[in-house]
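Right, one structure below, let's go through it.
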Amino acid sequence: MATIKDIARLAKVTPSTVSRVLNHSGGYSEKTRRRVEKIADELHYQKNEAAVNLVAQTSNLIGVIVTNATTSFAAPIIDSIEDWAYQNGGRILLAHCGLNDSKRLKACLNLMAGRKVNGIISVSVQFDEDNLKLLDQLQLPLISLGVKVSNQPMISIDNLKATMAGTNYLISHGYQRIALVAVDTNDPQTGRTRCAGYQKAMESARLTPSIIPGDYSFAAGKQAVELLLAKGELPEAIFAASDDAAAGVIYAAQEHGIKVPEQLAVLGFDNSSVASMIYPGITTIDQPFKQMGQLAIEHLTNQNVSSVELPYQIKERGSVAKYNSAQS
């Protein structure tokens with residue numbers, strides 16, 4: 001691996017001059033800058049960031065903690081954070097903490113502290129008491145996306161109102177037997193809030209709620225349809241708690257020869273990439289994930305860490321149509 005001394009020898013300058021050029025500190029000519037940078041590029045020189053951070057006690061590193069990066073909603077958030085970092089000379093340290101895994105979350109926080117990140121963006125991560133205490137001890141700025149972390153700022157939509165809006169959207173299209181599926185009813189924040197929004201809209205319309213629990217996954221959506229069919233209780237419309245789950249609903253419906261939306265309307269949640277990748281395209285609650293990621297990293301780097309509630313909207317595609325009584 002090339003060193004500053006290697007560059008200095010080839011450029012015929014002192015190592016301190018090379019250091020000033022690479023750190024943009026000034027005190028050198030334009031000709032010297034071009035020569036040093038050209039040689040550094042040819043040698044594929046990489047700055048020892050760990051050593052720099054150790055001296056400066058800081059870094060241009062932002063930590064990102066996610067429960068699972070394979071979910072379709074996490075991808076646009078991570079992409080927007082990485083895009084911003086690339087354009088602004090920052091770097092990203094990504095870690096997975098699993099779902100409700102206190103030990104693994106603790107390891108992630110200690111990793112972030114050890115690498116001296118400037119701050120942490122957590123994506124739908126729920127902190128237990130022990131890790132809240134650890135976060136306070138580490139004194140690392142944190143901004144949470146999607147869920148509330150005690151005494152920390154949050155960027156999110158209003159899940160209660162969004163779920164009410166989605167349910168009312170189906171009701172306004174003529175549907176009365178509407179099931180909410182693949183929602184984690186043990187999730188004290190997102191899950192229970194979405195259940196509450198759905199129930200409030202259904203009860204306001206004097207309709208009977210029907211909730212099939214799950215973990216927001218494709219498999220959970222598929223299993224919900226199988227369960228409803230086995231019980232002989234397939235509704236007129238299904239509101240899936242995520243687009244992944246909505247895709248599972250559509251897949252299962254098609255396996256059983258049930259046409260969407262002619263015989264079953266399907267509404268998703270997130271407007272993730274999967275919503276436009278299947279047929280029919282999923283009508284869904286649009287969460288502005290890219291904006292969430294960009295705002296989070298901007299707030300952290302500018303040390304303007306405050307909570308923001310973002311707007312949602314219903315993105316219409318082909319999985320919901322006006323209800324036709326002939327389909328029941």
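The values are calculated or read from the model by the stated rules, or taken from the named source; none is laboratory data. Every value quoted in this text rests on a predicted model; they were computed, and no experiment measured them. Positions of Cβ are backbone-derived with ideal geometry, glycine not excepted, and every protein chain shown enters the neighbour counts.
How many residues does region 203-216 contain that are over 16 Å from F269 (Cα atoms) and either part of a loop (DSSP other than H, G, I, E, B) or in contact with a strand residue (DSSP E or B) (Cβ under 7 Å, 6 or more places away or on another chain) (or both)? Before you say what the answer is, go through the steps one by one.
Narrowing region 203-216 to residues over 16 Å from F269 (Cα atoms): 203-210.
Right, trim to either part of a loop (DSSP other than H, G, I, E, B) or in contact with a strand residue (DSSP E or B) (Cβ under 7 Å, 6 or more places away or on another chain) (or both) and you get 205-210.
Final tally of qualifying residues: 6.
For D158, the stated conditions hold: it is touching a residue at least 12 places away in the same chain (Cβ under 8 Å), acidic (D, E) and surrounded by fewer than 20 Cβ atoms within 10 Å (Cβ to Cβ). Note on region 140-193: residues that are in a loop (DSSP other than H, G, I, E, B) and more than 16 Å from L267 (Cα to Cα) total 18. Among the residues making up region 112-134, those that are out of contact with any strand residue (DSSP E or B) (no Cβ under 6 Å at 6 or more places or on another chain) and part of a helix (DSSP H, G or I) are A113, G114, E129, D130, N131, L132, K133, L134.
If you go through region 286-296 one residue at a time, do you hit one that is in a loop (DSSP other than H, G, I, E, B) and surrounded by fewer than 21 Cβ atoms within 10 Å (Cβ to Cβ)? Write out each step before concluding.
Quick first cut of region 286-296, residues in a loop (DSSP other than H, G, I, E, B) only: 287-288.
Cutting the leftovers down to surrounded by fewer than 21 Cβ atoms within 10 Å (Cβ to Cβ) gives us 288.
Yes; the residues of region 286-296 include at least one that is in a loop (DSSP other than H, G, I, E, B) and surrounded by fewer than 21 Cβ atoms within 10 Å (Cβ to Cβ).
V308 meets the conditions (1) touching a strand residue (DSSP E or B) at 6+ places or on another chain (Cβ under 8 Å); (2) modelled with pLDDT of 95 or more in every case but one. The failed one is (2). Is it the case that region 86-105 has a residue that's over 30 Å from A275 (Cα atoms), at pLDDT 90 or above, in a loop (DSSP other than H, G, I, E, B) and not hydroxyl-bearing (S, T, Y)? No, the conditions are met nowhere in region 86-105. For region 257-282, enumerate the residues that are in contact (Cβ under 8 Å) with a residue 60 or more places away in the chain and in a strand (DSSP E or B). Matches in region 257-282: A265, L267, F269, D270.
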